[in-house]
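Enquirer: The structure under discussion is supplied below as structure tokens; questions concerning it will follow.
The values are calculated or read from the model by the stated rules, or taken from the named source; none is laboratory data. Since this is a predicted model, take the numbers as computed values, not measurements. Virtual Cβ from ideal backbone geometry, glycine too; neighbours counted across all protein chains shown. We work out accessible area using only protein heavy atoms, side chains counted, and drop any ligands, DNA or RNA first. Shrake-Rupley method; radii C 1.70, N 1.55, O 1.52, S 1.80 Å.
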Amino acid sequence: QVLLVESGGGLVQPGGSLRLSCEASGFTFSWYAMSWYRQAPGKERELVARITPAGGSTNYADSVKGRFTISRDNAKNTVYLQMNSLKPEDTAVYHCYGEYGFRKFWGQGTQVTVSS
């Protein structure tokens, strides 16, 4: 059974930090490019950050460059998203996503709320 389980979301004040984790099981994690997407109320889901299978290359949405960092630990089957200098507009449900060819998996998401 394929599972992507996100954790680490919560309520944080503007300027604060959170670290999201996504633990994978049921597939060969090290083969998969992993991404974080987010979806705010009333908006389409958007790509936040992506990392290649070995972790050698990353890319980010312009809105989070310099503030967010994606990383992975293939030994732990886990991908992370370190989020710093959070803004109210970062409020969304954050989803983990894995892809390898036609195989694509989504996690259920974790809520991040940035508010004073």
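Enquirer: Condition first: open to solvent by less than 60 Å² (accessible area, probe 1.4 Å) and farther than 17 Å from N74 by Cβ. Now tell me which residues in the range 18-28 satisfy that.
Expert: L18, L20
Enquirer: Got a sec? Which of A61, A75, A49 is open to solvent by 60 Å² or more (accessible area, probe 1.4 Å), hydrophobic (A, V, I, L, M, F, W, C) and over 15 Å from G16 (Cβ atoms)?
Expert: It is A75.
Enquirer: Let me ask something additional. Just for the range 29-42: of the residues that are open to solvent by 60 Å² or more (accessible area, probe 1.4 Å) and at pLDDT 95 or above, which one is nearest to L86 (Cα to Cα)?
Expert: Selected residue: Q39.
Enquirer: So, of the residues in the range 87-116 that are in contact with a Leu (Cβ under 7 Å, 6 or more places away or on another chain) and farther than 30 Å from G26 by Cβ, which turns out to be most open to solvent (accessible area, probe 1.4 Å)?
Expert: S115
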